[in-house]
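Right, one structure below, let's go through it.
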Amino acid sequence: MDHPQTTLLTGGTSGIGLELTKQLIAEGHRLIVVARNKERLAALNSTYRTRISCYQYDLSSPQQVDELCKLVSVRHPKLNMIINNAAIQETPGFLDEDFSFDTIELETRINFLAPAWITSRMLPLLLQQNGKFQNLI
């Protein structure tokens, strides 16, 4: 490979995502980390500033996902891998006093729709970088 892996990682500031961030950087990846928490993103940026680009976006918003994908396409044209790691767990119960369909919708947007939106919008760039896979689609 003539350049290091450039990987878009959602939810890379805590839990499994943070561990993935550390391991991928140790393996030489150039990381694009997307998360909601501004302070955690700033901490990552200060620790790994030469190997990481951090962006704060709300992946439950189709508009923000569009903005993110446009930004990544312009600033990181060598993107060749996506790890959709961002997720939330609301677990609402239908019999809970504070039950709300809003929690189900939010969980669905972040855990299912956001990875689909990101993959769909970034696929042309991924195919450009990984052209050998074009015949599989």
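Quick look at the numbers
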read-out: Enumeration of residues in segment 62-94 that are more than 21 Å from Gly17 (Cβ to Cβ), of a type outside the set (Phe, Trp, Tyr) and either in contact with a Phe, Trp or Tyr (Cβ under 7 Å, 6 or more places away or on another chain) or part of a loop (DSSP other than H, G, I, E, B) (or both); value: Pro62, Pro77, Lys78, Pro92, Gly93
read-out: From Leu20, Leu59, Leu24, residue being of a type in the set (A, V, I, L, M, F, W, C) and either assigned to a loop (DSSP other than H, G, I, E, B) or more than 26 Å from Arg109 (Cβ to Cβ) (or both); value: Leu59
read-out: Which listed residue, of Asp96, Asp58, Asp66, is farther than 23 Å from Leu125 by Cβ and of a type outside the set (Ser, Thr, Tyr); value: Asp96
read-out: Within segment 77-123, tally of residues that are more than 15 Å from Leu8 (Cα to Cα), out of contact with any helix residue (DSSP H, G or I) (no Cβ under 9 Å at 6 or more places or on another chain) and not hydrophobic (A, V, I, L, M, F, W, C); value: 11
read-out: Segment 105-116, residues that are under 16 Å from Arg36 (Cβ atoms) and of a type in the set (A, V, I, L, M, F, W, C); value: Leu106, Ile110, Leu113, Ala114
read-out: Failed item, numbered, when Gly17 is tested on (1) crowded, with 19+ Cβ neighbours inside 10 Å; (2) free of Cβ contacts under 8 Å to residues at least 60 places away in the same chain; value: (2)
read-out: Residue count for segment 39-91, restricted to those that are free of Cβ contacts under 8 Å to residues at least 24 places away in the same chain, surrounded by 13 or more Cβ atoms within 10 Å (Cβ to Cβ), more than 12 Å from the chain's Cα centre (by Cα) and closer than 25 Å to Asn130 by Cβ; value: 2
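Every number in this text was worked out from the coordinates using simple rules, so none of it is lab data. Source: prediction; values computed, not measured. Note that each Cβ is placed from the backbone with ideal geometry, even for glycine, and that neighbours are counted across all protein chains shown.
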